[in-house]
Structure formats: C-alpha cells, structure tokens
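A.B. asks: Below is one structure. I have some questions about it.
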Amino acid sequence: MKKDDEKYKKTSRGPNRPYNKNGKGGKTWPKTEKKGPRVQVDIWGMHAVQEAWLNHEREIKALYISEKSLDQFRDVITQAERERITRPKPQIIDKKELDRLGQNTVHQGIAIQTEPLPEILVQDLISLTYKQDTSVILMLDQVTDPHNVGAILRSAAAFGAHGVILQTRHAPQLDGILAKTASGAVDHIPVAYETNLSRALEILQENGYHALGLDERGDELGSTTIQKKKLVLVLGSEGNGLRPKIKDQCNQLVRLPTEGAIQSLNVSNAAAIALYAAKAAQS
C-alpha cells in the first residue's frame, strides 16, 4: 500500500488523526476538488475559535473566515491585539468552501488551523492544585465519543473543575467535533493524556485525592458520600462503564439517585450531575 493511500497516521499522543499528505492531522479538502483553496483546519465554530484565539498558550497558523463572520469576530481580533497575542491575518473564504468540512460540521463561517496545546500530565494537574483547599478532577476511562468528551469539558469548565484526565490510546483529540461541542472549554480546562490510568489514579491518591468511581452498584451520591476536599470523579466508557482494575482502585463507588422507568444517563449528563454535587458539597 502506498503512503498516500494510508488512512491514518499515528501522532505523539491521543488516538490517530485523519492523515493528509503533509503528515499532520485535521480535515482537508478532497484531493479531487479543483476549485477553491486547499486548506487544513483543526477547530471550527465561533465560540471554540474565539477561546482558542485568545489563549496565549495556543499557536494558530491560519484563520479562515467568511465576510459575515468576520464582522462578528472583529472585536475578538482587536482584543488579541490589545493583549499582544500574535495571530495570523484572517483569510476570507466563501462559506460554501467551509461547508466541505462535512454535513455534520456546524462551522458558523469560521475555522482555524492550529498546533496542539502543550502536553499536560497528571503531575501538572497536581501542581496546579497544590495550594488549593478543594479540588475536583475528572478521569474518563476510555470514553471515546468526541461529543460526550466535549460536553464533559464544557461542564467541567462551568462547575470549576481543575482538570480532566484521558487515556492516550482510547480518547479523541482536542480538536474538531470535540472542540466545537466543548464550546471553548478546550482552552480553559487542563487536559492530561495518560497511558496508564491506573498509575495516574495512584499518583493522585498518593497526593491526597479521594477517588469516587461512578457505578450503578455503588452508594447513592450525596453530601454524605463526598467527604474529601480533593476528589477524582472517575467515569467509564459509554458501553461498558469502568474497567475492573480502575473500579477496584477507586476509594468508593457511587451512583446517581435516579428513579423512574429509565435510570441510566448518558456519561456526559452523569458527569455534569456529579460535578454539581461535588461543588455543592465542597462549598
């Protein structure tokens, strides 16, 4: 098989990203397309691009934007200039060109090509919260759906979580659909990719964190079950839940107090409720 026919190319962290000829991830226009620019984009949508644009730690290589969206985005460009954030000049592009990203891509007339954020590990999250009296970190055990991970990051930002931990080989990258769903939270919540979640959980526990694993056979989640000031909320995959080794390593298993005909929740909804409960208990 020729190199140009390969569908995927491995990256340094996270799962495989779509392959293109220049060896980088991201979506590109089809090679058979003759009209319009050949561009690569990683993040799209007004809120996601805005937060990335104003993030001092992010390197942005190109901004593709429609004339209509540029009018809406000018204040953000001005703010970045005031804060002396170096950014490329906008490249005006027809909205129809951005439509080629795909039928399910709600780009809102704006997209950027960007480098990944600096790599973060569990030790970095511990350092960030070392002087905090209270802290909540989320750990996602093989949660693979980018919509779910994006929604969880958005909830984590809204409820003041201090970080999220994902498994390197079984989690989506922080771009594309995930970044759009997170609505800018990707540039506000530190996300650590760890190869061994069990070891990462052990490191957190050694540094004073109490691990609550969400499981339908656990104790009912409430203020009495959240006694520790530093918590790790551990959530499992959409289908199988927590893996046995991760479940056994948690200090306690808890379940949400659901009732009625349908007692299970989507993992992103469960994360939002658990985050709210933790915030309320620590207040």
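A.B. asks: Determine whether the range 128-149 contains at least one residue that is over 11 Å from the mean Cα position of the chain (by Cα), surrounded by 18 or more Cβ atoms within 10 Å (Cβ to Cβ) and hydroxyl-bearing (S, T, Y).
C.D. replies: Scanning the range 128-149, I find at least one residue that is over 11 Å from the mean Cα position of the chain (by Cα), surrounded by 18 or more Cβ atoms within 10 Å (Cβ to Cβ) and hydroxyl-bearing (S, T, Y), so the answer is yes.
A.B. asks: Moving to a separate point now. Within the range 168-189, take every residue that is over 24 Å from I110 (Cα atoms) and surrounded by fewer than 22 Cβ atoms within 10 Å (Cβ to Cβ) and give me the one that is modelled with the lowest pLDDT.
C.D. replies: H170
A.B. asks: Return a yes/no flag: does the range 192-203 have any residue that is part of a loop (DSSP other than H, G, I, E, B) and either in the same structural domain as A52 (by TED's automatic domain parsing) or of a type in the set (K, R) (or both).
C.D. replies: Within the range 192-203 (the criterion being part of a loop (DSSP other than H, G, I, E, B) and either in the same structural domain as A52 (by TED's automatic domain parsing) or of a type in the set (K, R) (or both)), the answer is no, since none of the residues qualifies.
A.B. asks: Hey, can you tell me all the residues within the range 235-283 that are hydroxyl-bearing (S, T, Y) and either modelled with pLDDT of 85 or more or touching a Gly at 6+ places or on another chain (Cβ under 8 Å) (or both)?
C.D. replies: S237, S268, Y276
A.B. asks: Can you tell me which residue within the range 37-94, out of those that are in a strand (DSSP E or B) and among the β-branched types (V, I, T), is surrounded by the fewest Cβ atoms within 10 Å (Cβ to Cβ)?
C.D. replies: Taking the candidates together, the pick is I92.
A.B. asks: Does V232 fit the bill of being at pLDDT 95 or above and either charged (D, E, K, R) or buried (at least 20 other Cβ atoms within 10 Å of the Cβ) (or both)?
C.D. replies: yes
A.B. asks: Looking only at the range 152-164, decide whether some residue is at pLDDT 95 or above, closer than 20 Å to R255 by Cβ, surrounded by 23 or more Cβ atoms within 10 Å (Cβ to Cβ) and under 10 Å from the mean Cα position of the chain (by Cα).
C.D. replies: Yes, the range 152-164 contains at least one residue that is at pLDDT 95 or above, closer than 20 Å to R255 by Cβ, surrounded by 23 or more Cβ atoms within 10 Å (Cβ to Cβ) and under 10 Å from the mean Cα position of the chain (by Cα).
A.B. asks: Of the conditions (1) more than 16 Å from the chain's Cα centre (by Cα); (2) among the hydrophobic types (A, V, I, L, M, F, W, C); (3) part of a helix (DSSP H, G or I), L178 clears all except one; give me its number.
C.D. replies: Just one mismatch for L178, condition (1).
A.B. asks: Something else now. Can you tell me which of L101, L140 is closer than 30 Å to V234 by Cβ and either touching a Lys or Arg at 6+ places or on another chain (Cβ under 7 Å) or modelled with pLDDT of 95 or more (or both)?
C.D. replies: The unique qualifying residue is L140.
The values are calculated or read from the model by the stated rules, or taken from the named source; none is laboratory data. Note that this is a predicted model, so its numbers are computed, not measured. Virtual Cβ from ideal backbone geometry, glycine too; neighbours counted across all protein chains shown.
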